[in-house]
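Presented below is the structure to which this report refers.
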């Protein structure tokens, strides 16, 4: 029987991932699972994947807050390409699709975070007010035991996204009632300046195509979290 090298990410078995139903108002079961990762002695990376509007950023932020200084949130959204570059490439109308991110840059950052050097690593964040990534906005000190990252494409097998999965110790796939997810997504677009009609068209158009791609990666997760 072969064994993984010391410090290598754990590989999920070929069986279907277990499903955990979690009330959105009470994430204690998820916090407890994250604490078990913390107890394993070296830095761990936890990923939250799922379709747009499912609640990844909200759940991730609440997990990090509950872990009280033992974790930091490094979202994938910090690797959005800049607005000017999206326009140059003719991809602005599809912003949020896999090829509108610097996926290779995200992979490189995860490698640095997985094997922390003595110095602090700085990660980017995405500013929804500016609709731009902000470099060097999230400090990750070397002693921090858990990095939580969330994003749409953590489980996508195609290059360069395919390198992400092996760098994460666990990935949880979040899902919820589809109509609730769409309503949340439309409300988010409206909150960031789109008309109701524009928001609905975006949610049911390019966002929905992205969601359908993401759904094909569900089986690669360690845990399915059904938010109720």
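The values are calculated or read from the model by the stated rules, or taken from the named source; none is laboratory data. Bear in mind that the values here come from a model prediction, so they are computed numbers and not experimental data. Note that we place each Cβ from the backbone using ideal geometry, even for glycine, and neighbour counts take in every protein chain shown.
Restricting attention to segment 101-126, the residues being crowded, with 16+ Cβ neighbours inside 10 Å, in contact with a strand residue (DSSP E or B) (Cβ under 9 Å, 6 or more places away or on another chain), part of a helix (DSSP H, G or I) and at pLDDT 95 or above number 4.
Considering only residues in segment 56-73 that are touching a helix residue (DSSP H, G or I) at 6+ places or on another chain (Cβ under 7 Å) and part of a loop (DSSP other than H, G, I, E, B), the one that is farthest from residue 186 (Cα to Cα) turns out to be 70.
For residue 98, the conditions (1) under 22 Å from residue 175 (Cβ atoms); (2) in contact with a strand residue (DSSP E or B) (Cβ under 8 Å, 6 or more places away or on another chain); (3) modelled with pLDDT of 90 or more are fulfilled apart from (2). Looking at residue 193, is it touching a strand residue (DSSP E or B) at 6+ places or on another chain (Cβ under 9 Å), on the phi > 0 side of the Ramachandran plot and surrounded by fewer than 13 Cβ atoms within 10 Å (Cβ to Cβ)? No. Would you please name the residue that is farthest from the chain's Cα centre (by Cα), looking only at residues in segment 177-190 that are surrounded by 19 or more Cβ atoms within 10 Å (Cβ to Cβ) and closer than 29 Å to residue 34 by Cα? Here the answer is 182. Here residue 91 clears all of (1) without any contact (Cβ under 8 Å) to a residue 24 or more places away in the chain; (2) out of contact with any helix residue (DSSP H, G or I) (no Cβ under 8 Å at 6 or more places or on another chain) except the condition numbered (2). Every test in (1) surrounded by fewer than 20 Cβ atoms within 10 Å (Cβ to Cβ); (2) over 21 Å from residue 99 (Cβ atoms); (3) over 14 Å from the mean Cα position of the chain (by Cα) is passed by residue 157 save one, and that test is (2).
Is there any pair linking a residue in segment 202-216 that is at pLDDT below 80 to one that is assigned to a helix (DSSP H, G or I), with Cβ under 6 Å and at least six apart or on different chains, and which? As it stands, the answer is 202/189; 203/182; 203/185; 203/186; 206/94, since those pairs meet every condition given.
Let's see how each residue does on (1) at pLDDT 90 or above; (2) in contact with a helix residue (DSSP H, G or I) (Cβ under 6 Å, 6 or more places away or on another chain); (3) more than 20 Å from residue 44 (Cβ to Cβ); (4) in a loop (DSSP other than H, G, I, E, B):
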residue: 137; (1), (2), (3), (4): yes, no, yes, no
residue: 143; (1), (2), (3), (4): yes, no, no, yes
residue: 155; (1), (2), (3), (4): yes, yes, no, yes
residue: 159; (1), (2), (3), (4): yes, no, yes, yes
residue: 163; (1), (2), (3), (4): yes, yes, no, no
residue: 172; (1), (2), (3), (4): yes, no, no, no
residue: 183; (1), (2), (3), (4): no, no, yes, no
residue: 193; (1), (2), (3), (4): no, no, yes, yes
residue: 199; (1), (2), (3), (4): no, yes, yes, no
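Evaluating residue 53 against the criteria (1) on the phi > 0 side of the Ramachandran plot; (2) not in a loop (DSSP other than H, G, I, E, B) leaves one unmet condition, (2). Within segment 13-29, residues that are at negative phi reach partners that are part of a loop (DSSP other than H, G, I, E, B) and modelled with pLDDT under 95 with beta carbons closer than 6 Å, at six or more positions or on different chains, in the pairs 21/228; 23/228.
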